[in-house]
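Visitor: Before I ask anything, let me first share the structure, which is written out below as structure tokens.
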Amino acid sequence: MKDVSISKWWAGVSDHDVTYSFLHSPVTIVATVATILMFAAAFGASFLTIYTPFDPGSLELREAFMPPAWEQGGNSEHLLGTDGQGRDILAAIMYGTQVSLVVGILSVLLSVSIGIPLGIIAGYYGGWVDTAIMRFADIQLTIPPILIALMIDGITRTTLSSEVHEIVAIPVLIISIGVASWPQYARITRSGAMVERRKDYIAAAKLIQTPTAAIMVRHVLPNVIGPTLIVATIGVAVAIIIEATLSFLGVGIPSTTPSLGTLIRIGNSFLFSGEWWITFFPAFTLVILVLSVNLIGDWLRDTFNPKLR
Amino acid sequence: MAVIDISNISIEFPTRRGVLTAVENLSLSIEAGEILGVVGESGAGKSLTGNAIVGLLEPPGHVTAGTILLNGRDITHLPESEMRKIRGAKIGVIFQDPLTSLDPLYTIGRQLTQTILTHKKMSHAEAKARAIELLNEVGIPAPEQRFDAFPHEFSGGMRQRVVIALALCCDPCLIIADEPTTALDVSVQAQIIDLLKNLSREKGVATMLVTHDMGVIAEAADRVAVIYSGRLAEIGDVRSVIDAPKHPYTRGLMDSIPQIGQNLKTLPNIIGAMPRLDARPEGCAFNPRCAKSKSICRQQTAPLIETGSDGQWAACWAYEGGNKYV
Amino acid sequence: MANFILYRLFQSAIVMLIVALISFFLFNFVGDPISNMVGQETTVKDMDELRQRLGLNDPVIVQFGRFIVDALQGDFGISYRLQRPVEELIAERMPATLELVFVSAIIAIGLGVAGGLFTGLKRSHWFSKFILTTSLVGISLPTFIIGILLIYIFAVKLNWLPSFGRGEVVDLKGGWSTGLLTVSGWKAIILPSITLALYQTTLILRIIRSELLEVMRTDFIKFARARGLKSRDINYGHALKNTLVPVITVTGLQIGSLIAFSIVTETVFQWPGMGALFIQAVQFADVPVMSAYLILVALFFVVINLIVDLLYFVVDPRLRAEIKN
């Protein structure tokens, strides 16, 4: 059964309808290319730029507040200018994007690995197990993830000393966002599992005394994971926004290893004095990144599962 | 003059892999007071034909050839604003599932009066009186009290009666009933069929009864049209088609219906399946499944040929010598 | 009907009790509030005294009981950071937040419903495609970036509107200060309320559109068309009314979220509301303020959910029938 469902899934993926739809959606193509480029720039930062903006030893205060290369006073060595401490903006963005992507992806992985098992268990068993899990999910869903993440962050701040907190800030943020967003994955997985459990092949598997855990992992999971993963794509965009927002509020990533949100916060104070580039380019990068991921997610959803809209 | 006269219509769906011809060169007509049964498998094009008459084909589907005459008036390509005035007024439509055909948020009285007032100039009180009269006519007990009830307060059979009342609001001359009994219990089915029969007899309404159920056809229809893969296979008086089917497909269809008193070990069935619209074979669409297929069957579509003197026609090369329909 | 409302009120009370329990436990047993409150030069004796004064030495049950009783009387303790009663701080700042949320909610519902109807009913119109593309850009723009952008354009470059604060406020009876009675107050609320409303607008727009598309495919809409009803009656009478239940749910949730999202907007625009107070509380581990805020937000959600439930009741006769039995 597992082979059948996976090969079915692959048949769906490789069916040329999908290729057709992709090739006829220029927006999706552009978004995909943009996403790939940003991934490459983020994770290849140490090869692609000579600057190490977050190494305190390498700062050049003489080069502070340099505008982008094409503005008066700009310099081709710092294409997008420098910030108040002489950091190269382009390099800072590359490293910042890396942090944003890592936090975004890992927190979605965490949400998914909480949400999918709970969703399968709720949908497969039904009854009070289902009621308990989904009631909890419903209550949590009514509270915006950003508030939950803020609360978790606030608690860790209270319990940990500020030095320790700075070191564990990124894992804490990943956990905060991950824990705050699991209910939606549980919901989607559950509705799939509820349909699946009534099917004959599950009855057959039970009949030959396949252990329940094995039924869930081998039979239910492959059949319900598709839609969940599509929603997870858009979830990455949402997680990146939450991380950026928390960092902007000053409760997320510390400025020693800034993410895009931290860079925007740092740059924001210079906006009024005219150094717009310090905040503009990180903000622009963030918007393009989120928009591209959203566009890909939208396309995936429309193509593979139009009912999810 | 026939109430509805369809001649040689084709319905096509342009897709990116080419044009699908869902209905091809189909002709039929219905007289006042007559019930024409239209049978075929799902996907044969019988519902599409009904939708085409009332101008409700789902885009991108559209009529590419032929004409549809309603009381002699060509309504094939009427603009939506004109067509809207015909739907509900001249042509009543009944859909398959009474449970989902009614808006759950409005009382049935409100839905009835809304439909009446859309097509007729009368006061609200007159419309209400008319609605109650209609409910009475279709056999809803205590219509005055039921007027203010919501759809969920009715059983399936009662809801289908309400649907029929809605279709009858403005005394239409044609009713298109698309699988009106499929979703109902067998006992309720018979009541609804009786109701449709009476309406057609007493009010002289022409009825197009679309179904895949030969039992319903045998019970209700005066004439029957058999559609196979978007083409008319056979048309004729209901008794002659059932007792003496001429087209091999119709024959196969009749043989596969179990009869009481018949002692069979296995029920005969037709080998194979109806071809997909994009894989229809050359010539007669039925030829790969036909035991008597000849070489011409694989090359050319057969025209409708008169097979006897009682107005029975079949699209089969076996009757090549007879009168051809043009 | 009365039973239904009582049942819902009972449910809401339980939810509130759970939230109160969570906020009590989290904030009373996570970390040491005393060391967060005092300066480095404070003596151990002073700290013990403070501990005693705040009741932190009592048994847990007593503390929780006191917490509930106090909370019911509107007493949420004393802010560690500001050394003032929390309810005073919140009362000062609540009008600012509620006015911001109110104006934003009107913008979000107005634009969201209009845009959702248009894009749902005129799917292939060029303007629908334009709205949808813009709305995707809208949900890709984090709230704080929209705020910064608006400030940069309308405050820094054009100098039309203020970049921070509430403008001139008028004190009303009962301690409510309003910015909605002065020109400068209205000018000040324009940018923050648009910023706050934009994300919710796109969500409301998209849910209305997708629900409309869904309803348009149903049999009863097909049947309504087959009866020759006017498209105005079909669209606004039958289709729109049938989208209302899910739309009310989502809209209710979104308005609830406005109060939480106002944290971000208030920070960007230095709006003197509860959100800004909360962010400072998180940064300084000001536990009483955090727990009071959590309870208040939960109360807000519970009230909105109650209203949503009652609206269902008005819209859908099937629910009315279910509740009767």
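Visitor: Near the amide H of residue A:85, under 5 Å away, which other amide H atoms are found, from residues 5 or more places off or on another chain, if H is placed in the peptide plane?
Guide: Sorted by chain and number, the residues that satisfy this are A:65.
Visitor: Collect residues whose amide H, placed 1.01 Å from N in the peptide plane, falls under 5 Å from the amide H of residue A:80; neighbours closer than 5 in sequence don't count.
Guide: Result for residue A:80 returns A:69, A:89, A:90.
Visitor: Once you keep just the Cα pairs under 8 angstrom separated by 6 or more residues, what percentage relative contact order results for the stretch B:4-221?
Guide: It rounds to 28 percent for the stretch B:4-221.
Visitor: Could you give the longest part of chain B that holds none of the GluC sites (Glu not before Pro) found in DSSP loops with at most 13 neighbouring Cβ atoms within 10 Å?
Guide: Working: sites that count: B:282, B:320.
So the longest stretch without any such site is B:1-281.
Visitor: Take every Cα pair under 8 Å in the stretch A:38-308 that's 6+ residues apart, average their separations, divide by the length, and report that relative contact order as a whole percent.
Guide: Value for the stretch A:38-308: 21 percent.
Visitor: If amide hydrogens are placed 1.01 Å from N in the peptide plane, which non-local residues have theirs closer than 5 Å to the one on residue B:65?
Guide: B:10
Visitor: So if I place +1 on the C-beta of Lys and Arg and -1 on the C-beta of Asp and Glu, and nothing else carries charge, what would the dipole magnitude of chain A be about its Cα centre? I want it in debye, nearest 20.
Guide: It comes to approximately 1480 debye.
Visitor: Just to confirm a number: summing +1 for Lys and Arg and -1 for Asp and Glu over residues other than residue A:274 whose beta-carbon lies under 14 angstrom from that of residue A:274, what do you get?
Guide: Cβ neighbours under 14 Å give a net charge of -2.
Visitor: Cut-off under 29 Å on the C-alpha distance; same-chain residues fewer than 8 positions from residue C:173 excluded. Which lysines are left, in chain and number order?
Guide: Those lysines meeting the cut-off are C:187.
Visitor: Hey, another quick one. Can you work out ³J(HN,Hα) from phi for every residue in the stretch C:115-128, in order, using Karplus 6.51 cos²θ - 1.76 cosθ + 1.60 and θ = phi - 60°, giving whole Hz and x for Gly and Pro?
Guide: x, x, 4, 4, 5, x, 8, 10, 4, 9, 5, 4, 5, 4
Visitor: HN-Hα J couplings of the stretch A:44-51 from phi, Karplus 6.51/-1.76/1.60, θ = phi - 60°, integer Hz, Gly and Pro as x?
Guide: Once θ is set to phi - 60°, the couplings for the stretch A:44-51 become x, 3, 5, 8, 8, 10, 7, 7 Hz.
Visitor: Using a Gaussian network model of chain A whose springs link C-alpha atoms within less than 10 Å, name the residue from A:51, A:124, A:20 with the highest mean-square fluctuation.
Guide: A:20
Visitor: Scan chain A and report its longest stretch carrying no GluC sites (Glu not before Pro) that are both in a DSSP loop and have at most 16 other Cβ atoms within 10 Å.
Guide: Result for the longest clean stretch: A:78-309.
Visitor: Give me the lysines in straight-line cross-link reach of residue B:128: C-alpha distance below 28 Å, same-chain residues under 8 apart excluded.
Guide: B:85, B:90, B:120, B:197, B:203, C:222, C:230, C:241, C:324
Visitor: Which shape class applies to chain C: rounded if a/c is under 1.5, otherwise prolate when a/b exceeds b/c and oblate if not, where a ≥ b ≥ c are the square roots of the Cα gyration tensor eigenvalues?
Guide: oblate
Visitor: Here's another thing I want to ask about it. State the Cα centre-to-centre distance between the stretch C:166-242 and the stretch C:92-142 in whole Å.
Guide: Between the Cα centre of the stretch C:166-242 and that of the stretch C:92-142, the gap is 7 Å.
Visitor: Hey, another quick one. Once you have the Kirkwood Rh of the protein assembly as shown from its Cα pairs, apply Stokes-Einstein at 20 °C and 1.002 mPa s and quote D in µm²/s.
Guide: The diffusion coefficient I find is 65 µm²/s.
Visitor: Ok, one more. With unit charges on the beta carbon (Lys/Arg positive, Asp/Glu negative), name the residue among B:302, B:241, B:207 whose Cα is farthest towards the positive pole of the charge dipole of the stretch B:172-326.
Guide: Selected residue: B:302.
Visitor: Okay, moving on. Can you tell me which lysines have their Cα less than 18 Å from the Cα of residue B:246? Leave out same-chain residues fewer than eight positions away.
Guide: Those lysines meeting the cut-off are B:292, B:294, B:324.
Visitor: HN-Hα J couplings of the stretch B:231-237 from phi, Karplus 6.51/-1.76/1.60, θ = phi - 60°, integer Hz, Gly and Pro as x?
Guide: 10, 6, 8, 7, 9, x, 4
Each value in this text was obtained by applying a stated rule to the coordinates, not by laboratory testing. Keep in mind it's a predicted model, so treat the numbers as computed, not measured. Reconstructed Cβ throughout: ideal geometry from the backbone, glycine too, with neighbour counts over all protein chains shown.
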